[in-house]
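Have a look at the structure below before the remarks.
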Amino acid sequence: MDSITSAASVVAAGLAVGLGAIGPGIGQGTAAGGAVEGIARQPEAEGKIRGTLLLSLAFMEALTIYGLVVALVLLFANPFAG
Amino acid sequence: MVPLPFALPFAELEVGQHLYWQLGNLKIHGQVFLSSWVVIGALLALVVVGTRKMERDPRGVQNLLEFLWDYIRDMAREQIGEKAYRDWLPFIGTLFLFIFVSNWGGALVPWKLIHLPSGELGAPTADINTTVALALLVSLAYFYAGLSRKGFRYFEYYVEPTPIMLPFKIVEDFTKPLSLSFRLFGNILADELVVAVLAFLVPLVVPLPAMFLGLFTSAIQALIFATLAAYYIGEAVHEEHH
């Protein structure tokens, strides 16, 4: 792999995870905030809220993971390596 | 492709290196087969041991199995609905248990003690082929569920509530397996990578929290995969009430 391709791949891998983490980060913050509010209002519903929260957090996390998959492909299975 | 510059024997990580077996014209990843056989064997042994000499008051392994059955039944019933969940309970349960035991087995069993000529043993779900196969099985399952329960009326689902939804619903059929497989694969591989990188930087103590987080997320991923599979099947068998 020539040096330009490898440099571009590494930068792109960093960007893929870094940019991909922004949106889910905001979303997870909103979701967790809503859950805390819900528990504060109705402490007896904590178990149900926690289950739903964990499930939805994992869904949001999946979006970053897609970025991570792209980064891993660029680093370990680069199709442009030639 | 590029082996990471790891020196520690137990923290070595070989992404993209496989133990290739030749099967006819196919090249298969042997290490995935080996570790999934171990997982399948462990599950089979657990179930066989737990269902021998069953008692009215469950104890030990039988108790564990009954707890698991209750858990999976509740999950399937919640997503698929009272009418159809019994047909799909074995499928959902198998998916959940296989993925769960794979994820935890990959993290808890010291695979590094077994040396392979190439590649490394680990969670079978850290290989994209395993997760794609599981996700395509889910696709087949929900098509079969819908078609067998409703016949060709199943395709009404694509034009409900309006025909404008048709392209989106068709695209959804492709994105469902894509997101299912990538989510599982990415999470498990990410866990392994984080632990390996931390173990490379600081070999003692520091990777432990990441390992526990990994155990937690891999259990959640198994739950999510099974829940989503059940949800898709439930969507396919759901009857509209007019």
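The values are calculated or read from the model by the stated rules, or taken from the named source; none is laboratory data. In this text the structure is predicted, and so the values were computed from the model without any measurement. All Cβ positions, even for glycine, are placed from backbone atoms using ideal geometry, and neighbour counts span all protein chains on display.
For the condition within 14 Å of chain A (Cβ to nearest Cβ) and at pLDDT 85 or above, what is the one hit in B:GLN79, B:GLN62? Outline the logic, then answer.
Working: B:GLN62 fails: within 14 Å of chain A (Cβ to nearest Cβ).
Among B:GLN79, B:GLN62, only B:GLN79 is within 14 Å of chain A (Cβ to nearest Cβ) and at pLDDT 85 or above.
Within the stretch B:150-186, how many residues turn out to be touching a residue at least 24 places away in the same chain (Cβ under 8 Å) and within 26 Å of the chain's Cα centre (by Cα)?
Adding up the residues that qualify gives 10.
Quick one: in the stretch B:199-223, of everything that is touching a residue at least 40 places away in the same chain (Cβ under 8 Å) and within 19 Å of B:GLY93 (Cα to Cα), which residue is nearest to the chain's Cα centre (by Cα)? Step through it out loud before you land on a result.
Step one: list which residues in the stretch B:199-223 are touching a residue at least 40 places away in the same chain (Cβ under 8 Å), which gives B:199-200, B:203, B:211, B:214-215, B:218-219, B:221-223.
Now drop any that are not within 19 Å of B:GLY93 (Cα to Cα), which leaves B:218-219, B:221-223.
Working: B:SER218: 9, B:ALA219: 10, B:GLN221: 8, B:ALA222: 5, B:LEU223: 9 Å.
Ranking the candidates gives B:ALA222 first.
Checking B:GLY146 against (1) without any contact (Cβ under 8 Å) to a residue 24 or more places away in the chain; (2) more than 14 Å from chain A (Cβ to nearest Cβ), which single condition isn't satisfied?
(1)
If you go through the stretch A:14-32 one residue at a time, do you hit one that is surrounded by fewer than 14 Cβ atoms within 10 Å (Cβ to Cβ), farther than 25 Å from B:LEU215 by Cα, small (Gly, Ala, Ser) and under 17 Å from the mean Cα position of the chain (by Cα)?
Scanning the stretch A:14-32 turns up at least one residue that is surrounded by fewer than 14 Cβ atoms within 10 Å (Cβ to Cβ), farther than 25 Å from B:LEU215 by Cα, small (Gly, Ala, Ser) and under 17 Å from the mean Cα position of the chain (by Cα).
Would you check if there is a residue in the stretch A:42-59 being touching a Gly at 6+ places or on another chain (Cβ under 8 Å), assigned to a helix (DSSP H, G or I), more than 20 Å from B:LEU228 (Cα to Cα) and free of Cβ contacts under 8 Å to residues at least 12 places away in the same chain? Show your work before the answer.
Of the stretch A:42-59, the ones touching a Gly at 6+ places or on another chain (Cβ under 8 Å) are A:45, A:49.
In the following step, the residues that additionally are assigned to a helix (DSSP H, G or I) were identified as A:45, A:49.
Still in the list and also more than 20 Å from B:LEU228 (Cα to Cα): A:45.
Those still in the list that are free of Cβ contacts under 8 Å to residues at least 12 places away in the same chain too: A:45.
Yes, the stretch A:42-59 contains a residue that is touching a Gly at 6+ places or on another chain (Cβ under 8 Å), assigned to a helix (DSSP H, G or I), more than 20 Å from B:LEU228 (Cα to Cα) and free of Cβ contacts under 8 Å to residues at least 12 places away in the same chain.
Answer yes or no as to whether B:LEU43 is modelled with pLDDT of 85 or more and surrounded by 13 or more Cβ atoms within 10 Å (Cβ to Cβ). Break it down into steps so the answer makes sense when it comes.
Numbers: modelled with pLDDT of 85 or more: yes; surrounded by 13 or more Cβ atoms within 10 Å (Cβ to Cβ): yes.
Answer is yes for this residue.
Go through the residues of the stretch B:154-173 one by one and say whether even a single one is within 14 Å of chain A (Cβ to nearest Cβ) and surrounded by 13 or more Cβ atoms within 10 Å (Cβ to Cβ).
Filtering the stretch B:154-173 down to residues within 14 Å of chain A (Cβ to nearest Cβ) leaves none.
No; the residues of the stretch B:154-173 include none that is within 14 Å of chain A (Cβ to nearest Cβ) and surrounded by 13 or more Cβ atoms within 10 Å (Cβ to Cβ).
Please work out if B:ALA133 is more than 13 Å from every other protein chain (Cβ to nearest Cβ) and within 17 Å of B:PHE98 (Cβ to Cβ).
Yes: the conditions hold for B:ALA133.
Please enumerate the residues belonging to the stretch B:195-242 that are part of a helix (DSSP H, G or I), of a type in the set (Val, Ile, Thr) and more than 10 Å from chain A (Cβ to nearest Cβ).
Here is the first cut: in the stretch B:195-242, the ones part of a helix (DSSP H, G or I) are B:195-201, B:207-237.
Then drop every residue that is not of a type in the set (Val, Ile, Thr), which leaves B:195, B:197, B:217, B:220, B:224, B:227, B:233, B:237.
Passing the criteria: B:VAL195, B:VAL197, B:ILE233, B:VAL237.
When you go through A:ALA81, A:ALA62 one by one, which is the residue that is of a type in the set (Gly, Ala, Ser), within 8 Å of another protein chain (Cβ to nearest Cβ) and touching a residue at least 40 places away in the same chain (Cβ under 8 Å)?
On the way: A:ALA62 fails: touching a residue at least 40 places away in the same chain (Cβ under 8 Å).
Testing whether each residue is of a type in the set (Gly, Ala, Ser), within 8 Å of another protein chain (Cβ to nearest Cβ) and touching a residue at least 40 places away in the same chain (Cβ under 8 Å) leaves just A:ALA81.
Going through the stretch B:44-77 one residue at a time, which ones are touching a Phe, Trp or Tyr at 6+ places or on another chain (Cβ under 7 Å) and closer than 24 Å to B:LEU108 by Cβ?
If the condition is that a residue be touching a Phe, Trp or Tyr at 6+ places or on another chain (Cβ under 7 Å) and closer than 24 Å to B:LEU108 by Cβ, then B:ILE72 is the only one that fits.
Test A:VAL36 against the stated conditions and say whether it is within 11 Å of another protein chain (Cβ to nearest Cβ), more than 19 Å from B:PHE216 (Cβ to Cβ) and either surrounded by fewer than 16 Cβ atoms within 10 Å (Cβ to Cβ) or free of Cβ contacts under 8 Å to residues at least 40 places away in the same chain (or both).
When the stated conditions are applied, A:VAL36 does not pass them.
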